[in-house]
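Take a look at the structure set out below.
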Amino acid sequence: MQYEEDAQADMEIAAPVINYDFIEELGDAHLSRRSFLKWERIMHSHGATFQEIDTLRNGTIERPVDMVVYPNSTEHCERLVTLAVKHNVMLVCYGGGTNVTQSLMIYPSEKRMVVSVDMARMNAIKWVDKENGLACVQTGIMGQDLERDLTPYGVISGHEPDSAEFSTLGGWISTRASGMKKNTYGNIEDIV
């Protein structure tokens with residue numbers, strides 16, 4: 001027996017809320033990319049919870065993000081936060097998009113411009129100090145990439161959540177994630 005399902009209808013979302021003063025001062029020189037594209041906004045406005053997947057299949061996202069930005073450096077992030085505070089813009093960090101804390105579900109009553117800050121391009125290991133058990137790693141690195149990139153140094157992160165291939169170091173830290181090796185290495189707050 002073969003099960004066939006109709007293709008999902010195109011999803012419409014609200015037009016983006018634009019804070020022109022913020023956009024003008026932000027520019028595009030201090031980011032690797034910024035986007036107002038509909039499908040990019042949709043992808044950054046949901047996670048992988050049952051509620052969000054059901055909304056994608058059967059409804060519409062009540063309050064999508066208005067713009068997606070991709071910073072390349074700590075300095076870019078600092079500038080983005082400074083300008084968001086100055087212009088009253090809401091920032092929402094985006095890592096792997098699993099959204100276990102439902103932080104991507106913006107209140108429908110939110111009137112400010114909402115900017116998704118995708119950390120995917122900040123995904124490098126800056127340095128490893130094996131002797132002291134330290135490493136400097138950017139927050140956008142995915143769990144599986146972190147372990148792969150630590151292997152040449154002869155070390156591991158010590159953190160292994162079930163979502164390691166879909167989630168990021170920054171996501172683990174912001175949600176105080178736990179992993180399968182917690183009895184040996186502790187939770188993420190014990191490792192950072």
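The values are calculated or read from the model by the stated rules, or taken from the named source; none is laboratory data. What you are looking at is a predicted structure, and each value in this text was computed from that prediction instead of being measured. FYI the Cβ positions are ideal-geometry reconstructions off the backbone, even for glycines, and counts take in every protein chain you see.
Selection of first residues in region 61-84 that are within 15 Å of residue 37 (Cβ to Cβ) and of second residues that are of a type in the set (S, T, N, Q) and in a helix (DSSP H, G or I), restricted to Cβ pairs under 8 Å at least 6 apart or on distinct chains, gives the following pairs, ordered by first then second residue: 61/55.
Hey, any hits in region 175-188 for a residue that's over 28 Å from residue 51 (Cβ atoms) and hydroxyl-bearing (Ser, Thr, Tyr)? The answer is yes; a qualifying residue exists. Consider region 156-189 and keep the residues that are hydroxyl-bearing (Ser, Thr, Tyr) and modelled with pLDDT under 75. The one that is surrounded by the fewest Cβ atoms within 10 Å (Cβ to Cβ) is 184. Count, please, the residues in region 62-100 that happen to be surrounded by 17 or more Cβ atoms within 10 Å (Cβ to Cβ) and assigned to a helix (DSSP H, G or I). Counting residues in region 62-100 that are surrounded by 17 or more Cβ atoms within 10 Å (Cβ to Cβ) and assigned to a helix (DSSP H, G or I) gives 7.
Working only within region 103-129, note down all residues that are outside any loop (DSSP other than H, G, I, E, B) and crowded, with 16+ Cβ neighbours inside 10 Å. Listed by number, the residues that qualify are 114, 115, 116, 117, 118, 125, 128. Residue 135 satisfies every condition listed in (1) loosely packed, with under 15 Cβ neighbours inside 10 Å; (2) of a type in the set (A, V, I, L, M); (3) part of a strand (DSSP E or B) except (1).
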